[in-house]
Amino acid sequence: MTRRTSFRHRREHRDRGAIAVEAAIAAPLLVMLFFGVLEVGNLLRTRSVVTDASREAARVAAALPRESGYQNNALAAVNGVVNTSRGEPIDYVVIYRADPSDGEPLSGQSIETCTTDCWRFEWISGGFEQKLGATWLAADQSACGGISDTDWVAVYVRGHYSGMTPFLDLDRSFTDRTIMRLEPMELGVPCRP
């Protein structure tokens, strides 16, 4: 073996060793980056689901004033958003008569514990169950058209995201609230209790 080929052989051997060391350092970083991107994507998706669920339920509830079962139709809208999201990120939903100035329950109670003019549903093992409320009946709604003659409905949704990977602590809770004025009733239809 000549001196020239011996030198090239040693150099190739050193290069292979350097490549292995670089790969050993870079591979874990690339794997962490990959899972980090997945986690953040799922976190943002969950936030979007909570927001969309609140908006869809409020639209349905506002469009069905004085219609018996409006709360079940609003809850079906939440289920529609959750079912298309491939997961169960919603903890609970509160549908209530809102004060249009601040969006809080008109009864003065907390959203979390309202028992007057509200409906509360919790996600339990694959479906929603009614927990509190059931006191804002459709027959008690005012939907006459004027700002002062029409109730406002709000839908508060609380959801969560539990991280997939143990090395990123991304367990988060999200809330969203949408407030809408009830659609006015048609002429000749009773619009208030």
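The values are calculated or read from the model by the stated rules, or taken from the named source; none is laboratory data. Everything numeric in this text was worked out from a predicted model, so none of it was measured. All Cβ positions, even for glycine, are placed from backbone atoms using ideal geometry, and neighbour counts span all protein chains on display. When the accessible area is computed, the model is the full protein with side chains, heavy atoms only, and any ligands, DNA or RNA have been set aside. Shrake-Rupley method; radii C 1.70, N 1.55, O 1.52, S 1.80 Å.
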### Message
Going residue by residue through region 156-164, is there one that turns out to be in contact with a Phe, Trp or Tyr (Cβ under 8 Å, 6 or more places away or on another chain) and either open to solvent by 70 Å² or more (accessible area, probe 1.4 Å) or without any contact (Cβ under 8 Å) to a residue 60 or more places away in the chain (or both)?
### Response
yes
#### Entry: The listed residue being open to solvent by 20 Å² or more (accessible area, probe 1.4 Å), touching a strand residue (DSSP E or B) at 6+ places or on another chain (Cβ under 6 Å), among the aromatic types (F, W, Y) and assigned to a strand (DSSP E or B), out of F121, F128
F128
### Within region 162-182, tally of residues that are at pLDDT 90 or above and either under 15 Å from A98 (Cβ atoms) or β-branched (V, I, T) (or both)
8
### Task
Run down V50, V93 and say which single residue is open to solvent by less than 20 Å² (accessible area, probe 1.4 Å), of a type outside the set (G, A, S) and part of a helix (DSSP H, G or I).
V50
### Query
Can you name every residue in region 103-118 that is without any contact (Cβ under 8 Å) to a residue 24 or more places away in the chain, small (G, A, S) and surrounded by 15 or more Cβ atoms within 10 Å (Cβ to Cβ)?
S107
